[in-house]
1. Using each residue's phi in segment 380-388, evaluate 6.51 cos²θ - 1.76 cosθ + 1.60 at θ = phi - 60° and report the 3J(HN,Hα) Karplus result to the nearest Hz, with x for Gly and Pro.
2. Short version: ³J(HN,Hα) in whole Hz for each residue of segment 430-446, in order, from phi by Karplus 6.51 cos²θ - 1.76 cosθ + 1.60 (θ = phi - 60°), x for Gly and Pro, what are they?
3. Suppose we keep just the alpha-carbon trace of segment 336-404; what are its Rg and Dmax in angstrom?
4. So which of 238/401; 238/338; 168/239; 238/405 end up more than 24 Å apart, counting from Cα to Cα?
5. Which peptide among 128-135, 66-73, 265-272, 99-106 comes first, and what is the full order, when sorted by highest mean count of other Cβ atoms within 10 Å?
6. Amide H of residue 158: which non-local residues (sequence gap of 5 or more, or other chain) have their own amide H closer than 5 Å, using H built in the peptide plane?
7. Quick one: 399, 341, 46, fewest Cβ neighbours within 10 Å first, how do they rank?
8. Cα gyration tensor of segment 101-257, axes a ≥ b ≥ c as square roots of the eigenvalues: rounded (a/c below 1.5), prolate (a/b > b/c) or oblate?
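Rule-based calculations on the coordinates, nothing more; no lab input. Here the structure is a predicted model, which is why all the values come from computation and not from measurement. Virtual Cβ from ideal backbone geometry, glycine too; neighbours counted across all protein chains shown.
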Amino acid sequence: MQQRENWGSRLGFLLAAAGSAVGLGNIWRFPYLTGENGGSAFIVIYLVCVFVIGLSIMIAEFTVGRRSGLAAVGAYKSYSRNWTFVGVIGVLSGFLIMGFYPVVGGWALAYIVKSITGLTSAPDAIGDVFGGFITNSFEPLLWMIAFLAVNVAIVAKGIAGGIEKASKVLMPVLFFLLIFIGIRSVSLPGADAGLSFLFSPDWSVVTGATVLAALGQAFFSLSLGMGCMITYGSYLNKKQNLAKDAVIVTSLDTLCAILAGIAIFPALFAFGMEPAQGPGLVFVVVPSIFAAMGGGVGVFFSTLFFVALAVAALTSSVSLLEVVVAYLIDEKKMARKKAVYLASAVMAVLCVMASLSLGVTSHITVLGVGAFDFFDILTDKIFLAIGGMFLAIFAGWVYKKEDLKAELTNEGTIKMALFEVWYALIKYVIPVAIAVIAFMGVKSIAQTGLMIFGLAVIVVLAIFSKKL
Ligand code: PFF
């Protein structure tokens with residue numbers, strides 16, 4: 001049998017895992033969700049979701065992944081065949097997220113070029129430029145394909161030679177760019193309104209839907225609930241301290257989300273713009289902010305920002321592609337290259353549907369939404385959170401406690417001080433918390449049909465996936 005691939009170094013793994021976590025979720029989605037959900041109160045709920053639920057689930061994913069040495073489906077299946085379906089939901093989520101993620105990744109690439117060629121020279125028209133661009137049938141598709149092609153090139157090279165190598169270069173670049181733009185933003189006159197929007201909570205705006213949005217965002221941003229961190233954990237050597245690594249990755253991800261908020265909101269308020277703009281926020285507000293700085297400086301910062309966005313997107317999308325590829329390699333015994341081509345071809349088709357659903361095919365809806373929103377809402381609001389809930393139940397009630405402890409303490413050679421606390425959270429608190437939040441959220445959300453559909457898919461998979 002061929003030897004399983006491994007990460008080349010601890011730093012390489014940490015950067016790759018942080019690379020997976022830090023992505024469009026942090027820089028594109030976190031700011032617009034914060035803007036739509038009233039700012040600071042949303043952030044506080046989000047932080048609780050991240051550090052209580054997300055961190056515990058990440059520890060569990062690394063543990064289950066490294067113990068089994070197998071990717072999402074295999075990790076469940078090798079322990080208990082009845083639980084295969086949770087891995088299958090993960091692989092399905094990988095396909096679905098990659099059905100829209102490269103579309104937005106492509107927008108970021110396009111905006112690098114647009115920033116240079118004069119996006120910032122006509123501030124009033126920036127919103128129209130964005131609307132015109134994403135509803136166009138052809139141009140966004142070219143950028144999406146370009147973005148997907150870079151993913152294919154990286155993932156085809158494998159773990160240490162592809163994903164790890166790319167992350168080691170790209171992650172430090174991203175970090176530096178975010179800090180740089182953040183400093184510029186807070187030093188603008190009038191920036192304090194943005195900082196108080198970010199840091200002084202107004203609880204009156206919180207509903208069940210806010211909490212579900214924060215939970216979904218925590219899962220999405222930390223790459224949890226679909227076996228991505230199981231897959232990355234499966235390539236880990238037996239010496240690394242899993243709990244510590246999870247703390248580092250979670251903290252880095254949170255830091256980058258806050259940095260993105262600091263880069264955007266102070267400048268947004270300084271220029272008197274509206275925070276609740278939805279998914280167009282960074283593509284409309286950021287270039288407008290930079291346009292208002294004027295001339296070469298504006299062009300420079302705008303270009304830098306979209307380079308950062310594209311880089312962040314890329315180190316995440318490779319991990320999404322890897323979830324599907326690793327499944328095909330482990331379970332279907334496919335060669336890596338073939339798996340990469342096959343998976344990305346399917347993803348490209350989904351992306352074409354998603355991209356066109358914002359323009360020419362916007363009249364075609366299923367359960368009330370177009371393809372882009374369908375893939376997005378189904379994964380972010382249902383599959384990831386429910387996948388995370390099942391993972392917690394699996395780890396808490398199916399996995400033997402000794403096995404978890406042995407893996408987390410490297411067979412007793414290192415200590416994990418809060419093991420019992422973590423175990424109690426995973427076993428009792430988290431499954432109940434997710435179920436309650438999901439229930440409250442579903443009640444106060446508009447897309448009930450889609451929610452029911454998502455739950456039905458999970459039930460069907462639970463019944464039929466043992467054959468997969
Ligand atoms: N964490 C990524 C982001 O914040 O953009 C998105 C993501 C990657 C979600 C990998 C899920 C995943 F498995």
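1. Once rounded to whole Hz, the list reads 5, 8, 10, 4, 5, 5, 5, x, x.
2. 3J(HN,Hα) across segment 430-446, in whole Hz: 5, x, 5, 4, 5, 4, 5, 4, 4, 5, 4, x, 4, 5, 9, 10, 6.
3. Expressed in Å, the Cα Rg and Dmax of segment 336-404 come to 17.7, 56.
4. Numbers: 238/401 18 Å; 238/338 29 Å; 168/239 21 Å; 238/405 13 Å.
The answer is 238/338.
5. Working: 128-135: 16.0, 66-73: 25.0, 265-272: 21.9, 99-106: 28.0.
Per-residue Cβ counts within 10 Å, averaged per peptide and sorted highest first, yield 99-106, 66-73, 265-272, 128-135.
6. 163
7. Final ranking by Cβ density, sparse to dense: 341, 399, 46.
8. Numbers: a/c = 1.70, a/b = 1.16, b/c = 1.47.
Oblate shape, in that a/c is at least 1.5 and b/c is the bigger or equal ratio.
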